[in-house]
1. Return the residues of the range 115-130 that are under 18 Å from Ala20 (Cβ atoms) and without any contact (Cβ under 8 Å) to a residue 40 or more places away in the chain; say none if nothing qualifies.
2. Please go through (1) assigned to a strand (DSSP E or B); (2) crowded, with 16+ Cβ neighbours inside 10 Å for Thr115 and return the number of the only condition it doesn't satisfy.
3. Restricting attention to the range 67-90, does a residue exist that is free of Cβ contacts under 8 Å to residues at least 40 places away in the same chain, more than 20 Å from Asn109 (Cα to Cα) and out of contact with any strand residue (DSSP E or B) (no Cβ under 6 Å at 6 or more places or on another chain)?
4. Being surrounded by fewer than 14 Cβ atoms within 10 Å (Cβ to Cβ), under 30 Å from Ala4 (Cα atoms) and basic (Lys, Arg), is that true of even one residue in the range 89-108?
5. Across the range 64-88, which residue is surrounded by the fewest Cβ atoms within 10 Å (Cβ to Cβ) among those that are under 20 Å from His31 (Cβ atoms) and within 15 Å of the chain's Cα centre (by Cα)?
6. Could you figure out which of (1) within 18 Å of Thr115 (Cα to Cα); (2) surrounded by 15 or more Cβ atoms within 10 Å (Cβ to Cβ) isn't true of Ala4?
7. Checking the structure you have, find out if any residue of the range 93-113 is within 17 Å of Leu42 (Cα to Cα) and modelled with pLDDT under 95.
8. Test Ala68 against the criterion of being touching a Leu at 6+ places or on another chain (Cβ under 9 Å) and within 17 Å of Leu138 (Cα to Cα), and give yes or no.
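The values are calculated or read from the model by the stated rules, or taken from the named source; none is laboratory data. Keep in mind it's a predicted model, so treat the numbers as computed, not measured. Glycine gets a Cβ as well: all are built from the backbone with ideal geometry, and neighbour counts include every protein chain shown.
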Amino acid sequence: MPKASPIKPTHKAVKQYYAALQSYRNHQVTHEGALETAFGRLLEETAKAHGWKLIPKQRLKVGKSSIAPDGTLRDLFNMRCGFWEAKDTDDDLDAEIQKKIAKGYPLTNTIFEDTRRAVLFQGGQERYRLDLTDPKQLAALLNEFYAYTEPEIDSFHQAVDEFQGARAGPGPAGWYQTENM
């Protein structure tokens, strides 16, 4: 898949995200169940350019129990590339993150957000804290999120690229194979 252009603060989906939040504020809506739809739509729309698909509430086995992040993002090979967890504005985001970590939520490439702030974990470590009220920081969050690739997934994609490249080379008796075989 070709490399997608960076997401800018003026991206249509970013503008729609802020418009949706404003609409909820106009109706005094602050609960997670409603607010998460705005961020979910933002991820769904911006993920397309990266060949990713947002799967809401997909269960994930963790030990003997299971969890269901608000969103799991999968690539064209159905590999998990990222996770998203929404909280509402009345929650203590840091306390909620600690609760999710205790339950075994993945921290490979995970956004925790409450419409005002986001915390991005990558490779098991907290990488960024961003102010989501600033479109530049929201765009930076999305760009960092989509740019991250776990080492195992990166190795898989490299192997696929090498395999596809090998298929386009000379075949038996000097004839050339095509990529569509």
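1. Taking the range 115-130 first, the residues under 18 Å from Ala20 (Cβ atoms) are 115-118.
The answer is Arg116, Arg117, Ala118.
2. Thr115 satisfies every listed condition except (1).
3. Kept after step one, since they are free of Cβ contacts under 8 Å to residues at least 40 places away in the same chain, are these residues of the range 67-90: 67-68, 70-74, 78, 80, 83, 85.
When the remaining residues are screened for being more than 20 Å from Asn109 (Cα to Cα), the result is none.
No, that holds for no residue.
4. Within the range 89-108, none of the residues are surrounded by fewer than 14 Cβ atoms within 10 Å (Cβ to Cβ), under 30 Å from Ala4 (Cα atoms) and basic (Lys, Arg).
5. Taking the range 64-88 first, the residues under 20 Å from His31 (Cβ atoms) are 68-71, 84-88.
Still in the list and also within 15 Å of the chain's Cα centre (by Cα): 68-71, 84-86.
On the way: Ala68: 13, Pro69: 24, Asp70: 21, Gly71: 23, Trp84: 23, Glu85: 22, Ala86: 22.
Among them, the one singled out is Ala68.
6. (1)
7. No, the conditions are met nowhere in the range 93-113.
8. On the way: touching a Leu at 6+ places or on another chain (Cβ under 9 Å): yes; within 17 Å of Leu138 (Cα to Cα): no.
No; evaluated as a whole, the condition is false for this residue.
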